[in-house]
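The values are calculated or read from the model by the stated rules, or taken from the named source; none is laboratory data. Treat the numbers as computed from the prediction; the structure is a model and nothing was measured. For neighbour counting, all protein chains shown are included, and Cβ atoms are generated from backbone atoms with ideal geometry for every residue, glycine included. To get the accessible areas, we keep the full protein, side chains included, count just its heavy atoms, and leave off ligands, DNA and RNA. Shrake-Rupley method; radii C 1.70, N 1.55, O 1.52, S 1.80 Å.
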Amino acid sequence: MNALRSWLKQERIAAGNARWAATLRIATLLLISLVLLEAVRRVQASREQQQNRQREQIELLQSLVRQNARPLADWAHWDDVYNFVKGNNPGFPSELMATSALLDGGAVMALFDGRAQPLALEGASSHDRASQSPLQRCLADVVRHRLQSGVERLSVICPSENGPLAGGVQMVTDTEIQRRSDASLAYLVPMLAPARQTSIQSGLRDLNRQLVLTPRPPSETSPLQPVEPQLFTTGGRPLLVREPDAGEEISSELLALAALVAGGLMLSLALRIQWMLNQRRLQLEQRQRERLVTQRLRRTERDFTQLLDQVQVGGEANEARAFARLLGQSAPDLRGAGNDEQRVVRLAERFELVLQTARSLALLDPITDLPNRSYFLERLSWESERSRSQGRPLALLFINIDRFKQINETYGHSTGDAVLKHVADELKQLIGRRDFLARFSGDEFSLILDTEPLECSSEAAIRDHAHQRALALLDGFQSSASQQPEQIKLSLSIGIAISDPSGTTPEELIRRSDTAMVMAKSRSGERVSVFDIESDWDSRNNYRLYNALQSDVSHAPERFCILFQPIVDGRGGYRKVEALCRWHNPEFSDVPADVFFNLAERYRLIQDLGKLIIGQTLNELVLLRQQLGAPDLALALNISPSQLSLEGFGPWLLAQLSEHRIHAETVTVEITESAVVETSVALTDNLNSLRRAGVQLALDDFGTGYSSLRLLMWLKPNELKIDKSFVMAAARDPVALQIVRLLQSLTEQMQLLLVAEGVEDQAMFDLLSQAGLQRYQGYLFSRPLSRADLVATAPAARPRAGSPTA
Ligand code: C2E
Ligand code: CA
Ligand code: CA
C-alpha cells in the first residue's frame, strides 16, 4: 500500500515535469491512433472473412440445388395430382399418394392455376399445408414470378426457418390442365435431411437468413447483392442475397483488441510500478547515505561551532582548552601565551585540526570503507618519502577484479557494489596489519606492502617478497571463493611495481603497477605480473617526448607560448593574471602543461625551460599592461620545485623583474607543496631573498598533498590556492564544502588570502562566495587566453590597477 502511495506520488511529480508530460501526451496519442488503425483493420478483416464465408456457402448452396433439381417427370405422384385436379379424387388421401415418401422429408408441393391461385397443396405438416404458411407463400411468390416473367421453368431456393428448400416451378403442359390455362406445378425439397445437422447445415441456415426471394427494386444504396443467377432461374430476375452480417464478428474482434490493449496497459503499468519501486529503493538508500554524511557533518559542525564560540567568548585559556579537548590532548601550558608567535602556533594548530577532520570525513570510500584514492595518494607520497630516506624500495600492488565491468552490466550496480565490498572484505582478511589497502578507482585496489620485517631490503628481495605475497593473496581469495559456490565467480589480477633505489615518484610507481596489472590481465594463465622497465612502452614514449622537449627548448623557443588566466574578485574584476605555458610541437599535439613540466623536472630540463618561460612571460606582461592600460596589473608566476632549489634563482628572478621594470610587489610566485618538502639552504635563501624584495608567495594545489602544518608555518605564504579537484568536490559534497568554509574562516584569522581554482559554473561560485571566499579563478570567468585575446575581451572588466597585493 505504501509502495503504491509512493508510486502515485512519484507519478504526480513526474507528471508535473513539463517535458515528461509532453512525451507522455505524444506517446498516448500515438498509442490511440495505433489502436484505432488496428480496430479499422480488424473490422475490415472480419467483414472480408464474413463475405468469403458467404461466398463459400452460396457455392455450396448452388451445388446442392443442382443435386436436388429433378425433372417433374420424376415425381411419381404426377397422375394423382391430375386426378385431384380433375376432381376424380376429392379426398386426396395422402397415404395413397406416391409423393408421401418425399413429403416425409418436409417437402411441399402445390399446383397453381394461371392466376397463381392454389389448386392443390401438399406438405409434410398441416402447418405447411396451410395457405398462409411461409412455404406456401413462397411457392405462390415463385409461381407469380414465373407467370410475370413468362418463362417455362424456374429453379427456386426458398428460405425457411429450418433451412433453405430447393425446388422448381414448371408450366404444366398436360392438355387437361392447359384448359385451365398456364397452371404451374411447384415443389420445394429441404436441401439437407434434418438428420444431417452439420456445420454445413448451420452455415446454410445462416445464409438462408440472407436470401431474399422477391427482390426489391434495386436502388443505389441497396445493400443487396445478386446470387449468381444461372443456377436459380432459367430466365427472369435473380435471387438476391443480403450483404453478410459481420456485426458479431466485428464486435468480438473489437473485444479481443480491447483486451489486448488493456493487457498491454496492465503490463506497462506493472513494469512502471516495478521500475518506480526500484527507483524508490535506490532513493531510500541514497537518502540513508546522505543522512549518515549529514549526521557526521552536523557533529563536526557542532564541535567546531562550540569551539569557535569558546574561542570568541572565552579568551585565551578557554580557547586552548577547547582545542586540546577536540584534539584529545591535555591543555597546553599558557605561561608566556599572548605573544604573536604563540597566536600563530595556535592558529596553525586549528589548521591541523581542520585538516585532520577533513581527512577522516573525506578520505574513506563509502562502499568499501577502505581509504579512498586521495587518502591513498597522500599515504603513498609519505611512504615514498620514507622509502627514499631509508633507502628501502617500496612495493606497490595494483589489484583488479576480472570482468568487473561485465558483472556490473549483467547484474546491475547494486550487485557491483556488493562485489566491491566483498572483495574489499576478503582482501582485508588476507593482508597484514601494517599493509595499507585502498580503493584506488572503480574496480582497482591498491596495496602498499609493509616490507619492514624483511631482513634484506635489496630491490630483488623486495620484488621476490611482493611476488610471493601477491600469489598468496590470490590463493587465499580463491579458496574462500570456492567455499561459497553460489556466488558469482570472481577472480583477481595483480600488478606489482617496486620503486627504484634512487626513488621513483609516486605517480610513476602507480603508473608502473597499473601497467603491470594490465600485463597480468593480457597474459593468459598468469595473474600476477611484475613491472619490467625494459619492456615499458610508456617510458620509451616518454623518452621521445623528452627528446622533442629538449630540442625545442634549445632550438625552437617560439614553440612555447604564454597564456594568461585572470584571477578575479567577487564582482568579476581582474585582480591578477596567472601565466600558464603552452607547448606546440608538431609531432605531439598539445601536450598538457603538467605532463611536460613533470618531464622537464624529472630529466633536469627545468632550468632552461623555466628561464625561457619566465623571460617570455615578463615580456608579454609588459605588453599586456600597456595594452590594458593597467601598469600595476599583478602577475602569478608558477615556479617548479627544482627551479626554486637552484642556487641563485631568487636573485636571478629579481634581476629579471627589474630589467623589465616590474615591481616585485606585483608578482606572486606560486609553488606547490612538493617544492618545499625537502628544505635546502638554496631553497631557503631563494625564498628569503624573494620575500625580502616584496614578492608574494602562494601555496598552489592546496588540498591535494600533505597540506602539513609545519610546512605552512615554515613557508608563511600570503595566499592559499585551493586545488580545483577540492573546489569541484565542494560543489558535490557537503563535507568538502564545510571544510572549505572552515579553511576560509581560519585563513581569515591567519590573514591569508584563500583563492579557489577551477570555478566552472555559477552554482559553484555561489557556494564559494557564500562560504566567504573573495578570489576566484576558473572557466566561469575566463579560460587561459593569449595576450591578444585577453586584451580583446577585457574592456568590460578592466583590471583594477594598483592592487598589487590582492
Ligand atoms: P596550476 O598551476 O594549478 O594551473 C591551473 C590549471 O588549471 C591550468 O591548467 C588551468 O588551465 C586549469 N584551469 C583553470 N581554470 C580551470 C577550470 O575552471 N576548470 C578546469 N578543469 N581547469 C582549469 P594548465 O594550464 O594545463 O596547467 C597545468 C599545470 O601545469 C599547472 O597547474 C602548473 O602546475 C603547470 N604549469 C603550467 N604553466 C606553467 C609554467 O609556466 N611554469 C610552471 N612551472 N608550471 C606551469
Ligand atoms: Ca598555479
Ligand atoms: Ca593549482
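For the stretch 728-773, the set of residues classified as within 16 Å of ligand 2 (Cβ to nearest atom) and of a type in the set (D, E) consists of E757 only.
Taken over the stretch 607-631, the criterion of being open to solvent by 10 Å² or more (accessible area, probe 1.4 Å) and within 16 Å of ligand 2 (Cβ to nearest atom) is satisfied by I613 alone. Against the condition more than 25 Å from F702 (Cα to Cα) and among the polar types (S, T, N, Q), how does Q643 come out, does it pass? Taking the combined requirement at face value, the residue does not satisfy it.
Applying the criterion of being at pLDDT 85 or above and hydrophobic (A, V, I, L, M, F, W, C) to the residues of the stretch 713-727, the residue that is farthest from ligand 1 (Cβ to nearest atom) is L720.
Q762 meets the conditions (1) away from ligand 3 (no atom under 16 Å from the Cβ); (2) closer than 22 Å to E578 by Cα; (3) buried (at least 23 other Cβ atoms within 10 Å of the Cβ) in every case but one. The failed one is (3). Scanning the stretch 611-661 for residues that are near ligand 1 (Cβ under 10 Å from one of its atoms) and either basic (K, R) or closer than 21 Å to D789 by Cβ (or both) yields a count of 6.
Select, from S680, S725, S689, the only residue that is more than 13 Å from ligand 2 (Cβ to nearest atom), of a type outside the set (D, E, K, R), surrounded by fewer than 16 Cβ atoms within 10 Å (Cβ to Cβ) and more than 52 Å from the chain's Cα centre (by Cα). Give the steps one after another, and end with the answer.
Working: S725 fails: more than 52 Å from the chain's Cα centre (by Cα); S689 fails: surrounded by fewer than 16 Cβ atoms within 10 Å (Cβ to Cβ).
Just a single option satisfies the conditions, and that option is S680.
Among the residues of the stretch 386-414, how many are of a type in the set (V, I, T) and open to solvent by 40 Å² or more (accessible area, probe 1.4 Å)?
So the first thing to find is which residues in the stretch 386-414 are of a type in the set (V, I, T), and the list is 399, 401, 407, 410.
Then keep just the ones that are open to solvent by 40 Å² or more (accessible area, probe 1.4 Å); that gives 410.
The number of residues fulfilling the criteria is 1.
Of the residues making up the stretch 729-769, those that are touching a residue at least 12 places away in the same chain (Cβ under 8 Å) and outside any helix (DSSP H, G or I) are D733, M750, L752, L753, L754, V755, A756, E757, G758, V759, E760, D761. Of the candidates L743, L699, the single residue that is within 16 Å of ligand 3 (Cβ to nearest atom), modelled with pLDDT of 85 or more and of a type in the set (A, V, I, L, M) is L699. Of all residue pairs spaced 6 or more apart or on separate chains, those with beta-carbon atoms under 8 Å, a first member in the stretch 415-435 that is open to solvent by less than 30 Å² (accessible area, probe 1.4 Å) and a second member that is among the basic types (K, R) are L420/R439; A424/R439.
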